[in-house]
Amino acid sequence: RFAYVNGSYVRHQEAAVHVEDRGYQFADGVYEVCEVRHGFIVDLRRHMDRLDRSLNELRIAWPMSRMALVQVIREVLRRNRVRNGLFYLQVTRGVARRDHVFPAKDTPPSIVVTAKRTDAAAIARKNAEGISAITVPENRWDRVDIKTVGLLPNVLARQRAREQGSQEAIFVDADGMVKEGAATNVWIVDGEGSLRTRPAEHGILRGITRTTLMEVAKTLGLKVEERAFSVEEMLAAREVFITAATSICFPVVAVDGRSIGNGHPGNIAQNIRDAFFAVAE
Ligand code: PDD
């Protein structure tokens, strides 16, 4: 396996950044994860637009032109022979002697790109069986709309889910309203078959899969409402599912040990998943 690190393609085992990288010391960086399917990068333009937004919000410079970055991504995919999988890219404010304030203006940002194949069997199993989730109180900062590498609350929440035999942790705000998963957006299907997901303006990441899925749902003639819902509404929903570039759409069949619907994956989530790749560019 190979990774791209600050200008070179290196063996994955030897791929490393400096101990004074600000990503390492301060989580002072941003990232993107994209799905690759049959050799195509799913929703590439939207991921690059979000990267641009994240960088601007944190005032980190682009490490290279957008076109050059896409070339690097394609080269990493090629060298790793990834036709179905993921790539990960991370940009940090660069390497400088530890100091909270920004380093000198000419400090180049650090850039890393890695790629891996996905485990198709594991994904198929999760789709066939569904996953379970737990709820956890929101304890993140209020700029989770920026895709930063500062993910400690997400890490702790996912680990708690794992220790309780679940695959995802769902953050819930102080009013008992669902926010999003540790690394996914959360959706419900109500009794009428309409989809609901929290508005992206209110304390969640605007997931690219979420955006594309809204378009997919419309092509299927489904109604989509961007409106917050409570944990109670989620427990009473006909279906619950989560979306992210890493999985597109997984049905959630239990939350906090309580069954959703009939306890089996629902067909709306399945239909959306099937239609997704016809719409995503
Ligand atoms: N996570 N919400 C959070 C907190 C996320 O970390 C992610 C993605 C999403 C879904 O966004 P998208 O559809 O653009 O992947 C929502 C990535 C996959 C990760 O951290 O691995």
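Annotations for the structure displayed:
- Residue under evaluation His202, criteria (1) modelled with pLDDT of 95 or more; (2) under 24 Å from Asn56 (Cβ atoms); (3) more than 11 Å from the ligand (Cβ to nearest atom), criterion not met: (1)
- If you check Asp43, Asp49 for being within 16 Å of the ligand (Cβ to nearest atom) and without any contact (Cβ under 8 Å) to a residue 12 or more places away in the chain, only one passes: Asp49.
- From the options Val33, Val17, Val10, residue that is in a loop (DSSP other than H, G, I, E, B) and surrounded by 13 or more Cβ atoms within 10 Å (Cβ to Cβ): Val17
- Tally, over region 115-140, of residues that are touching a Pro at 6+ places or on another chain (Cβ under 8 Å) and exposed (fewer than 14 other Cβ atoms within 10 Å of the Cβ): 3
- Boolean, Ile248 is buried (at least 17 other Cβ atoms within 10 Å of the Cβ), under 21 Å from the mean Cα position of the chain (by Cα) and not hydroxyl-bearing (Ser, Thr, Tyr): yes
- Lone qualifier among Thr246, Thr209 - being touching a strand residue (DSSP E or B) at 6+ places or on another chain (Cβ under 7 Å), assigned to a helix (DSSP H, G or I) and within 11 Å of the ligand (Cβ to nearest atom): Thr209
The values are calculated or read from the model by the stated rules, or taken from the named source; none is laboratory data. Not measured: the values here are computed from a predicted model. Glycine gets a Cβ as well: all are built from the backbone with ideal geometry, and neighbour counts include every protein chain shown.
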